[in-house]
Amino acid sequence: MSIGQPPPSLWSRVRQNGAVLELFDSPIAALSALIVLCLLIAAIGAPILAPFNAFDPGAANVADARLPPVSRGLFGDFYLLGTDPQGRDLLSAMMYGLRTSLAVGFGSVALAARF
């Protein structure tokens, strides 16, 4: 880099480094990245993808309390992962809870990396 030229952008430095391409040469790293991407999509799309609203107290049905996975409730609702003691869908609760978990995880990594 000579005087008068702007410094290279972050994207060009990443491309020249080759670390990202080297990361995806490993099948385990590629699979891990795919899993994280799926979790991000599930967390961001929770209002659309979740079968029930985890924050709606009216959605809790005590008659459907503690159902096992892959079962139908009293009113025909299908619960893929079952229900908790208050009759709330566990899959929906996990998808909404994933948002908080990912925010804490990425936030701690960002703080550790001193962004």
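Note on segment 15-74: residues that are more than 22 Å from LEU98 (Cα to Cα), open to solvent by 70 Å² or more (accessible area, probe 1.4 Å), out of contact with any strand residue (DSSP E or B) (no Cβ under 9 Å at 6 or more places or on another chain) and not β-branched (Val, Ile, Thr) amount to 10. Under the condition of being open to solvent by less than 30 Å² (accessible area, probe 1.4 Å) and either farther than 21 Å from THR100 by Cα or assigned to a loop (DSSP other than H, G, I, E, B) (or both), the residues counted in segment 75-84 number 3. Scan segment 85-106 for residues that are out of contact with any Leu (no Cβ under 6 Å at 6 or more places or on another chain) and either under 19 Å from PHE52 (Cα atoms) or exposed (fewer than 11 other Cβ atoms within 10 Å of the Cβ) (or both) and the total you get is 15. The numbered conditions (1) without any contact (Cβ under 8 Å) to a residue 60 or more places away in the chain; (2) within 22 Å of LEU39 (Cα to Cα); (3) surrounded by 10 or more Cβ atoms within 10 Å (Cβ to Cβ) are all true for LEU111 except (3). Here PHE55 fulfils each of the conditions (1) modelled with pLDDT of 95 or more; (2) at negative phi; (3) not in a helix (DSSP H, G or I) apart from (1).
The values are calculated or read from the model by the stated rules, or taken from the named source; none is laboratory data. Treat the numbers as computed from the prediction; the structure is a model and nothing was measured. Heads up, the Cβs are rebuilt from the backbone with ideal geometry, glycines too, and the neighbour counts pull from every protein chain shown. Keep in mind that these areas ignore ligands, DNA and RNA; they rest on the heavy atoms of the full protein, side chains included. Shrake-Rupley method; radii C 1.70, N 1.55, O 1.52, S 1.80 Å.
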